[in-house]
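Data block below; observations after.
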Amino acid sequence: MKRPAAPESREAIRVLSIVIPAQNEESCIAATVEHLYVELRLHSIDHEIIVVDDGSTDSTWGVLQETRSRVPTLQAVQNKGERGFGNAVALGLSQMQGDAVVVMMADESDDCRDVVRYWRAMNEGWDAVFGSRFVRGGGVIDYPWTKLFLNRLANTFLRLLFHVPLNDFTNAFKAYRRNVIQGCRPFISPHFNLTVELPLKTIVRGYSWTTVPITWRNRRTGISKLKIKEMGSRYLFITLYCWLEKYFSRGDYMVKAAEDQKTFMTEDRPALRF
């Protein structure tokens, strides 16, 4: 499958939503939100920051309430339903008011300057922008070697299986226009496998996308929530699900069929101001 060409014309991104799932991130969530807010204000980007507290047992929720006094564009949401990274992100996506969204981690492993890079790329007309840590200009800092080995193995498998020039499927830090999010529903990954479901559905369903280099730094505080032993079969499940859609759905879920609904294009969403 070749990468779709960018559309000749596409509406500019007026408001950018950033969705951040957070579970027991009391030590870093305030810094993540505040640094992001400063960076977006510096570039005059109208935005909203949606942090979804996914059942934290520490003081994450209290920290978010305090941070709201310093970050007026912050929306703090509690996931009162089924827990899980994918469920938390899906809840945040259901709350978004922006024309596009960036999914970002709570632990400052993602560089907030790359959010601006995503915003600029989407304003060139792309439906989705996928960051890669493994292309020229990208990089990783303090990546555990066992996780790095498994990451490169899994991403090589996905690249060959779907025949696309992308080498960082599994990274959650990506950007999507609102119509892509609508066209990829329903989401069926309650856990970290949503990080694979979203880009694979975007590609398989024919939306335009591009890749930009990004940087990643291992968390400096807290504990990683990703448990590789628990996620292997879940990643494989969603991979096979999307592979079956690609080869056996006869195009029923391609972008044209999704956009025929047009419901997401008729919403009047005023610009947000900071």
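The values are calculated or read from the model by the stated rules, or taken from the named source; none is laboratory data. Note that the structure is a prediction, hence the values are computed from the model and not measured. As a convention, Cβ positions derive from the backbone with ideal geometry for all residues, glycine included, and neighbour counts pool all protein chains shown. We work out accessible area using only protein heavy atoms, side chains counted, and drop any ligands, DNA or RNA first. Shrake-Rupley method; radii C 1.70, N 1.55, O 1.52, S 1.80 Å.
List of remarks:
- Charge tally around Ser249: other residues with Cβ under 12 Å, Lys/Arg +1 each, Asp/Glu -1 each, net +2.
- Positive-end ranking of Asn218, Leu158, Ser109 along the dipole of the chain, with charges on Cβ about the Cα centre, is headed by Leu158.
- Note on the chain: with a GNM built from Cα contacts shorter than 10 Å, the maximum mean-square fluctuation among Ala12, Ala76, Ala175 falls on Ala12.
- Fraction of beta bridges assigned by DSSP in the chain that are antiparallel (%, nearest 5): 25 percent
- Check: the chain dipole with +1 on Lys, Arg Cβ and -1 on Asp, Glu Cβ, in debye: 780 debye
- Within the chain, helix-based [θ] at 222 nm, where runs of 4 or more DSSP H residues each add -39,500 (n - 2.57), nearest 500: -12000 deg cm²/dmol
- For the chain, the per residue solvent-accessible surface stands at 48 Å², with DNA, RNA and ligands left out and a 1.4 Å probe.
- Assigned charges on the beta-carbon of Lys, Arg, Asp, Glu; region 1-111 dipole about Cα centre (debye): 400 debye
- Of the solvent-accessible surface of the chain, computed with a 1.4 Å probe over protein heavy atoms with every protein chain present, carbon and sulfur atoms account for 54 percent.
- What the phi angles of region 185-191 give under the Karplus curve with 6.51, -1.76 and 1.60, with θ = phi - 60°, is a coupling list of 6, x, 7, 10, 9, x, 10 Hz, glycine and proline written as x.
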